[in-house]
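Read-outs: derived from the displayed coordinates by stated rules, not from any lab. In this text the structure is predicted, and so the values were computed from the model without any measurement. FYI the Cβ positions are ideal-geometry reconstructions off the backbone, even for glycines, and counts take in every protein chain you see.
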Amino acid sequence: MKTTMTAMALILSLSACATQTEAPAPAAATPPPATDTATEVAEMTESERLNAFFEDVFMEMVMRSPQTQTYLGIKEDYDKWNDASDERAIEDFELETARYNQMKSEFDYDKLDESAKLSYRLYENQYQQDKKAFAYRDYNYTFNQMFGVQSSVPAFLINQHSISSKAEAQDYISRLEGVADYLEQHVQNAEDAAEKGIRPPLFVYDYVISDARNVLTGYPFTETEDMSDSPLMQDFRKKIDALMEDGTINEDEYETLLADAEAALLTSVNEGFQAVIDFMEADVENATTDDGAWKLPDADAYYAMRLNRMTTTDMTASEIHDLGLSEVARIHDEMRAIMDQVGFEGTLQEFFEFTRTDPQFFKPNTEEGKAEYLAEATALIDTMRDELPDMFNTFPEADLIVKAVEPFREKSAGKAFYQRPAPDGSRPGTYYANLYNMADMPVYQMEALAYHEGIPGHHMQIAIAQELDGIPSFRKFGGYTAYTEGWGLYSEYFPKEFGFYDDPYSDFGRLAMELWRAARLVVDTGIHDKKWTREQAIDYLMTNTPNPEGDCIKAIERYIVMPGQATAYKIGMLKILELREHAKTELGEDFNIAEYHDTVLRNGAVPLDVLESLVEDWIATKKNG
């Protein structure tokens, strides 16, 4: 969708594509108290005025986005979709620019307290990033296998649009009735981008068409042997079944709602998704196997912008590539030590092949095997939760659950991801594991994956940020990928220091996950800067990591449609570790890891240079007593 980059970043940070979480409702989820009178404003400090301004700006953008409202538990436009037109994107950015200029002209930075100064700097940083990215708003492939609208529409309705009343069921139907117009806007955006030479590579088309057809498979679109419902029909039926069970609606109302939903599916939903299929089937004739961003207009500037935005550093593609090669070599050496520990005789690549193929490392690709995986991942998180007081002083109130990725999108979705909790506490944080093919989910990686996506990883970081008091909402709900994913990868690492990963193969899995992120530095820059082909990049991962072939293919296909994003993880982790070791050196016996984690987490997501200044301030405070 073509919203401003700020609004898009907010939507993506709240949705299931990036890292996701769920938490109790902060006050930010509802409009802030009005400060209309001159007397009230005059009595406010400069910092209070600035925070009120930020709340006004945040809610102004939220109320322009019905879908963001839904993510935040606001049901004012519960029957609507966002306006995805380019005209609206321009309008949103003009509004963002006006608000930025207003901040610069109306507030005196020197009169702010330290927290407000940080908010000022972060808002300024965010706007400057958005300004650079706005020229490239057509470059996000509208239809792709990772966050394309063909899968985000059903995912949004299924996971975000809860139904607790007849009116909310009717809102769901209204959204179904609006799907055709909403997808028509996206088809138009994709057509406009294609005219500029911006279209995804060839392999993407089959994924998108498959996703769209899955939405239109089952009742009322097609007959299946077991007469099963299509994904959206199944979801709607389940939700209004609950209304019937608790007496919220009667049988006549139930039947009317089902009939109205069926009609909306057969008309609007069918028309919208068929339009996506028709466009992709026609445009595939123009697609090529050129995979990298280098093929796009103004490619060098675009990729440099993406690297800067994702890493929050000025590192060049070549510097990132070389860092990746160095880290891959270091981790390979640590893996050889584990080979010795388990008594494996052979080369590292032979050990990789052993861990890819030996049945002991995989659950059966059956419903029972998948259930076992989810149960064991949940148990790992429960065990970690009990140990958190040794590592943290601050804990999220929001709960966390583990779920499998839904069948309609599991074929194209990534390996695992996290969805944040609803701000009003109505939905827990969710760690999604993709169990489409159990051969892609080795059990030796289960521990590290659970820590990354759940506790102490994304759930700790995102839920804590969402629940913070005294900071503006844009800081609670915004994000910087290097910080967020850096924390996720750091969260895989530091449990080892507390006695976790006692099984050598599980520790190998931890190293395999870190190696994966190091290799990303190599392949992302290889694809987008050095013109590697998809096949070259897959071969690099197959040679240098133990991940199964399906894993390697999906990963490279992900990096292709999300230039630069994969570089954030390792760069963020290395900075968090570097700052921790610096603090240990400076503070000696006064260093406390729980306090360090508080310093990292209790300001919300920040760029890495800002994180460094926060750690330096904490060190200075500790030294001064």
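For the range 574-591, backbone phi angles converted through the Karplus equation (6.51, -1.76, 1.60; θ = phi - 60°) give residue-by-residue couplings of 4, 5, 4, 5, 4, 5, 5, 5, 4, 5, 4, 5, 6, 9, x, 5, 7, 5 Hz, Gly and Pro being listed as x.
Near the amide H of Ile401, within less than 5 Å, lie the amide hydrogens of Gly429, Thr430, Tyr431, all on another chain or at least 5 residues away, with H placed in the peptide plane.
Here the Karplus relation 6.51 cos²θ - 1.76 cosθ + 1.60, evaluated at θ = phi - 60°, turns the backbone of the range 160-167 into coupling constants of 10, 8, 6, 10, 10, 8, 4, 4 Hz, with x for every Gly and Pro.
Taking the Cα centre of the range 513-582 as reference, the dipole from Cβ charges on Lys and Arg (+1) and Asp and Glu (-1) amounts to some 200 debye.
Footprinting exposure proxy ranking of Asp130, Asp386, fewest other C-beta atoms within 10 angstrom first, gives Asp386, Asp130. For a straight C-alpha distance cut-off of 13 angstrom, the aspartates and glutamates reachable from Lys295 (same-chain residues fewer than eight places away being disregarded) are Asp529.
Projection of the Cα convex hull of the range 141-287, averaged over all directions and equal to a quarter of that hull's surface, yields 8.9 nm².
Our estimate of slack between Gln341 and Asn365, defined as 0.36 nm per intervening residue step minus the Cα-Cα distance, is 5.7 nm.
For semi-axes √(5λ) of the Cα gyration tensor in Å, the value computed from the atomic coordinates appears in the list [x] 35, 33, 26; [y] 60, 31, 23; [z] 38, 28, 24 under label [x]. Dipole magnitude for the chain: computed about the Cα centre from +1 point charges on Lys and Arg Cβ and -1 point charges on Asp and Glu Cβ, it is near 1260 debye. Estimated from the Cβ-Cβ distance and a Förster radius of 56 angstrom, the FRET efficiency linking Ala594 and Glu184 is about 0.60. Partners of Lys239 within straight-line reach, counting lysines whose Cα lies under 20 Å from its Cα and excluding those fewer than 8 residues away in the same chain: Lys75, Lys80, Lys166, Lys403.
Annotation: extensible slack from His582 through Arg602 equals 5.3 nm (criterion: 0.36 nm per residue apart, minus Cα-Cα distance).
Could you calculate the FRET efficiency of Tyr219 with Met44 from 1/(1 + (r/R0)^6), where r is the beta carbon distance between them and R0 is 51 Å, rounded to 0.05? Taking R0 as 51 Å, the efficiency between Tyr219 and Met44 is 0.35.
One decimal place: the segment Glu612-Asn125 gains 173.8 nm when fully extended, by the rule 0.36 nm per residue minus the C-alpha distance. For the residue pairs Lys363/Lys415; Lys476/Lys623; Lys131/Lys531; Lys496/Lys584, alpha carbon separations beyond 21 Å are given by Lys476/Lys623; Lys131/Lys531.
Under 5 Å from the amide H of Tyr418 lie the amide H atoms of Gln20, Tyr432, each residue being 5 or more positions distant or on a separate chain, with H modelled from the backbone and absent for Pro and chain starts.
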